[in-house]
1. Would you mind ranking Trp209, Trp245 by Cβ crowding within 10 Å, fewest neighbours first?
2. Taking other Cβ within 10 Å of each residue's Cβ, how do Leu192, Leu210, Leu81 sort, fewest first?
3. Considering only Cα-Cα distances, which of the following residue pairs are longer than 31 Å: Lys18/Lys117; Lys35/Lys122; Lys117/Lys172; Lys117/Lys148; Lys18/Lys122; Lys18/Lys172?
4. Projecting each Cα onto the charge dipole of the stretch 96-155 (Lys/Arg +1, Asp/Glu -1 at the beta carbon, about the Cα centre), which of Leu110, Ile152, Met100 comes out farthest on the positive side?
5. Hey, in the GNM for the chain with a 10 angstrom Cα cutoff, which one of Trp121, Trp36, Trp70 fluctuates hardest?
6. In percent, how large is the relative contact order of the chain, given Cα pairs closer than 8 Å and 6 or more residues apart?
7. Magnitude of the Cβ-charge dipole of the chain, K/R +1 and D/E -1, about the Cα centre, nearest 20 debye?
8. Treating the Cα atoms of the chain as identical point scatterers in vacuum, please give the log10 of the normalised Debye intensity I(q)/I(0) at q = 0.08, 0.13, 0.16 Å⁻¹, two decimals.
Amino acid sequence: MILHKILSEISCIFNNCKLVFLGAFLWSLNAPLVKWITLDGILVCGMRSVIAAAVLLPFVRPGELNWNRWTLLYVASYGALSLSVIRALEMTDSAIAIGMQYTSVLWLWLFSLGKGKRITWKESIPVLLVIAGVTLFMAAGSDGGRLKGNLIALGEGIFFLGMTVSSPRAAKGNPIGLTAVANLATGIFVFLFLRPDVTELAAGPGLNWLLLFILGALQVGGGYGLYNMGLQRVSARRASMLALWEMILGPVWVAAFLGEYPAGGVAAGLVIIVAGLFLDSLWGSQKEKGGEKDHAGH
């Protein structure tokens, strides 16, 4: 029976859940790429958004998007998430800056409780395991980050949740177009109001341009495009859990391509996260496959 459920979950990942999983896979490429690039973080944020918008621009069909408060919430949440991660990386430990966005799982769980939804222990245990794993991951990778950076990172989970909940309502029939619009808005905001030093692009090595294109077209454009497409088929809770594969795969790529291995505490945190994902899959896959819609009102 257990083997059958494991095989069913694998089937889920490569069917209903494959788009979200592939999105997280592309996000995880950020870990080794940012170690090679030699540009200011805000400039990288703006450039990768502009590149993503340019690549995805042909998919923008205004009539297939819902131009309402959900679109505004998605664009604002996406831009805030992109900028807060960059700022947090500059001001606190990288493990905290990256890991805090996945506290969205906890916020989603608490939101469900606040709405009076009955939460079973089989739904609660995987979430608590994931939060424990994320906490251990961040604590093990921390060397005493500063308070302001930690507070900025704290908002990442809320921004990620806002993006996840609003995407299905905003995308209508065009999730790729929604991704392009959000990146275009983020790029315009960065260059119009934050004014990064673009002369770095000319002064740096040519490799930076290749890395920026990969970050924009694949890691951001492809990753969020696939994630938004996946949110048309799976619930926000399920998508938030699957997004954690970015945290799992990122250290794998760094170890494989850069020869840098995670510390024992980081590895232990990742194992606990995998355990939480496994239990969530074991206990919740049939419920999700049955078409249940989450608290977001899909």
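The numbers here are math on the coordinates, done by the rules we state, and not lab data. Just so we're clear, the structure is a prediction, and the values are computed from it rather than from any experiment. Quick reminder, even Gly has a Cβ in these numbers, built from the backbone with ideal geometry, and neighbours come from all protein chains shown.
1. Numbers: Trp209 14, Trp245 21.
Ranking Trp209, Trp245 by Cβ neighbours within 10 Å, fewest first, gives Trp209, Trp245.
2. Values: Leu192 9, Leu210 13, Leu81 24.
Going from sparsest to densest Cβ surroundings: Leu192, Leu210, Leu81.
3. Working: Lys18/Lys117 28 Å; Lys35/Lys122 39 Å; Lys117/Lys172 26 Å; Lys117/Lys148 34 Å; Lys18/Lys122 23 Å; Lys18/Lys172 20 Å.
Flagged as over cut-off: Lys35/Lys122; Lys117/Lys148.
4. Leu110
5. Trp121
6. Numbers: 479 pairs, mean separation 116.4, N = 298.
Relative contact order here is 39 percent.
7. Details: 22 positive and 16 negative charges, 208 e Å.
Roughly 1000 debye, rounded to the nearest 20.
8. -0.33, -0.90, -1.39
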